[in-house]
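Student: Got a structure here, written out as structure tokens. Questions coming.
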Amino acid sequence: MLFRSAELSRAYEEQRKDKTYVKELDRELQQSLNRPVSMMHARRISKRMGGAQIFLKREDLSPPMTHLGIAITGQAVLAKRMGKKCLVTVSNNGFRGVMMASIARRMGMEALVFVDENAIEELPGNLRRLELMGAEVHSINPETLEESDLRTEALEYCLRASDTSFLVMGLDAAPQPYPQILMESEAVIGREALLQIYAETKKLPALLVTRGGNNADAIGLFTPFLSLKTTVLASVAPIAAMVNPPPKNSVNGPTSEYLINRAVSELRRRTANRLLEGLEYPSVGREQAWLKASGRLIYPEVTADQVKRAVRDFSMYEGFIPAMETAHALAYACEAASRMEPDESVVVMIAERAEKDMPQLETLMEEGVI
């Protein structure tokens, strides 16, 4: 039975012992998701710091929802190797369903998508895409069934057709071995980085840096380096006031308490769920806890002035405008690189796009600090 986690775990462990498993996964990612993503040598900043060479793993240049695609591809490869014929998923807004159907068809498999009837009415384009790819669509009336019933319907289908079907999850919470499959799939980022930095420097990097917080940056970049003890792994938590400033012209201060406590309408709940499905990294709390418990990561802090300087310097010297959380990682990378030798290297993962933080960047510009 597919969703019996012990059975799926055994199947996954059996497949991952096969050396061709990761090769097949990476080949699929290269062909369908434009991998590998480039690594940029920040030469002018490196020279300005006077220490180690700084490289940027430019995940921000990948197509939207690439990391959701990576997660689905990892599960699809496993399903195919297990002999499954049909991929099944729940899709509140249709995006996950379209992505899964595309991957399924590429791999010669069927696709079954359970959707909210309102999503069909509000996003008809996704339904047309599913139809063009020959995916089977089961719609659920949200007025008679709760959102959780979508998952229940999909799960019950997979239990009935366990010999042929595989339930595909996104980046949301799921029982083991889904988190492990996610980590190994997302680790394509680190596998690429390892090959790319070695090609540039003929050495392992001395330091890898990601932004902190509830995202999968660390999972993607760090996983292949966990056993390489000579490489330091650093996750830099953002300063809350810089990434979530209070509204301008606010008389009573931040409104977060009001927003959290006010009633949520059914329409707003559905809208929030659909937005959540499209996010790059909805929740990876368990995986982050595992990385922290491993003892391999350090969690350095930076100052607001260092972050502002990173935004200004990378914009002016490298033509790259960092988002606010990314700027924290860059700030620490620069400070650390300045204390290292020129033949050493630092790799920083860049996953978020600056467009989402333009209000904060505009505020810093108006204050004259960048």
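The values are calculated or read from the model by the stated rules, or taken from the named source; none is laboratory data. Remember, predicted model here, so these are calculated numbers, not experimental data. Heads up, the Cβs are rebuilt from the backbone with ideal geometry, glycines too, and the neighbour counts pull from every protein chain shown. Areas reflect the complete protein model, heavy atoms only, side chains present, ligands, DNA and RNA absent. Shrake-Rupley method; radii C 1.70, N 1.55, O 1.52, S 1.80 Å.
Student: Scan the stretch 14-42 for residues that are charged (D, E, K, R), without any contact (Cβ under 8 Å) to a residue 40 or more places away in the chain and either open to solvent by less than 40 Å² (accessible area, probe 1.4 Å) or not in a loop (DSSP other than H, G, I, E, B) (or both) and report the count.
Tutor: 3
Student: Could you please give the count of residues in the stretch 191-249 that are without any contact (Cβ under 8 Å) to a residue 60 or more places away in the chain, among the β-branched types (Val, Ile, Thr) and assigned to a helix (DSSP H, G or I)?
Tutor: So the answer is 1.
Student: Can you work out which of the residues in the stretch 289-305 that are in a loop (DSSP other than H, G, I, E, B) and more than 21 Å from the chain's Cα centre (by Cα) is farthest from residue 241 (Cα to Cα)? Show your work before the answer.
Tutor: In the first step, residues of the stretch 289-305 are kept if they are in a loop (DSSP other than H, G, I, E, B); the result is 295-296, 299-303.
Okay, now just the ones that are also more than 21 Å from the chain's Cα centre (by Cα), so 295, 300-303.
Working: 295: 28, 300: 17, 301: 14, 302: 13, 303: 11 Å.
The selected residue is 295.
Student: Output yes when any residue across the stretch 77-89 is at pLDDT 90 or above, within 13 Å of the chain's Cα centre (by Cα) and either in a helix (DSSP H, G or I) or under 17 Å from residue 15 (Cα atoms) (or both), and no when none is. Steps first, please.
Tutor: So the first thing to find is which residues in the stretch 77-89 are at pLDDT 90 or above, and the list is 77-89.
Filter again for within 13 Å of the chain's Cα centre (by Cα), leaving none.
No, the conditions are met nowhere in the stretch 77-89.
Student: Further question: Could you tell me how many of the residues in the stretch 176-190 are over 17 Å from the mean Cα position of the chain (by Cα) and either assigned to a helix (DSSP H, G or I) or closer than 17 Å to residue 70 by Cβ (or both)?
Tutor: Count: 1.
Student: Only one residue in 100, 133 is more than 17 Å from residue 77 (Cβ to Cβ) and at pLDDT 80 or above. Which one?
Tutor: Details: 100 fails: more than 17 Å from residue 77 (Cβ to Cβ).
Sole residue among the options that is more than 17 Å from residue 77 (Cβ to Cβ) and at pLDDT 80 or above: 133.
Student: Next question, about the same structure. Looking only at the stretch 230-245, decide whether some residue is open to solvent by less than 10 Å² (accessible area, probe 1.4 Å), modelled with pLDDT under 85 and of a type outside the set (Lys, Arg).
Tutor: Within the stretch 230-245, none of the residues are open to solvent by less than 10 Å² (accessible area, probe 1.4 Å), modelled with pLDDT under 85 and of a type outside the set (Lys, Arg).
Student: In the stretch 113-125, is there at least one residue being part of a loop (DSSP other than H, G, I, E, B) and either of a type in the set (A, V, I, L, M, F, W, C) or open to solvent by less than 50 Å² (accessible area, probe 1.4 Å) (or both)?
Tutor: The answer is yes, given that some residue of the stretch 113-125 is part of a loop (DSSP other than H, G, I, E, B) and either of a type in the set (A, V, I, L, M, F, W, C) or open to solvent by less than 50 Å² (accessible area, probe 1.4 Å) (or both).
Student: Among the residues of the stretch 102-119, which ones are without any contact (Cβ under 8 Å) to a residue 40 or more places away in the chain and either within 22 Å of residue 141 (Cα to Cα) or in contact with a Cys (Cβ under 7 Å, 6 or more places away or on another chain) (or both)? Steps first, please.
Tutor: So the first thing to find is which residues in the stretch 102-119 are without any contact (Cβ under 8 Å) to a residue 40 or more places away in the chain, and the list is 104-105, 108-111, 113, 115, 117.
Those that are without any contact (Cβ under 8 Å) to a residue 40 or more places away in the chain and either within 22 Å of residue 141 (Cα to Cα) or in contact with a Cys (Cβ under 7 Å, 6 or more places away or on another chain) (or both): 109, 110, 111, 113, 115, 117.
Student: Sticking with this one: Take the stretch 314-354 and flag every residue that is outside any loop (DSSP other than H, G, I, E, B), open to solvent by 10 Å² or more (accessible area, probe 1.4 Å) and either without any contact (Cβ under 8 Å) to a residue 12 or more places away in the chain or closer than 29 Å to residue 203 by Cα (or both).
Tutor: Across the stretch 314-354, the qualifying residues are 315, 316, 317, 318, 325, 332, 334, 335.
Student: So which of 54, 45, 70 is open to solvent by less than 10 Å² (accessible area, probe 1.4 Å), closer than 25 Å to residue 326 by Cβ, part of a strand (DSSP E or B) and touching a helix residue (DSSP H, G or I) at 6+ places or on another chain (Cβ under 7 Å)?
Tutor: Testing whether each residue is open to solvent by less than 10 Å² (accessible area, probe 1.4 Å), closer than 25 Å to residue 326 by Cβ, part of a strand (DSSP E or B) and touching a helix residue (DSSP H, G or I) at 6+ places or on another chain (Cβ under 7 Å) leaves just 54.
Student: Can I ask one more? Being out of contact with any strand residue (DSSP E or B) (no Cβ under 8 Å at 6 or more places or on another chain) and among the small types (Gly, Ala, Ser) narrows it down to one residue among 38, 46, 32; which is it?
Tutor: Values: 38 fails: out of contact with any strand residue (DSSP E or B) (no Cβ under 8 Å at 6 or more places or on another chain); 46 fails: out of contact with any strand residue (DSSP E or B) (no Cβ under 8 Å at 6 or more places or on another chain).
It is 32.
Student: Further, regarding this structure: What is the one condition in (1) among the aliphatic types (A, V, I, L, M); (2) under 27 Å from residue 10 (Cα atoms); (3) in a helix (DSSP H, G or I) that residue 130 does not satisfy?
Tutor: Checking residue 130 against (1) among the aliphatic types (A, V, I, L, M); (2) under 27 Å from residue 10 (Cα atoms); (3) in a helix (DSSP H, G or I), the one that fails is (2).
Student: On to the next question. Residues being surrounded by 21 or more Cβ atoms within 10 Å (Cβ to Cβ) and over 14 Å from residue 347 (Cα atoms): count how many of those fall in the stretch 213-222.
Tutor: Of the residues in that region, 3 qualify.
Student: Does residue 109 satisfy the criteria of being among the aliphatic types (A, V, I, L, M) and within 23 Å of residue 184 (Cα to Cα)?
Tutor: So residue 109 fits the description; yes.
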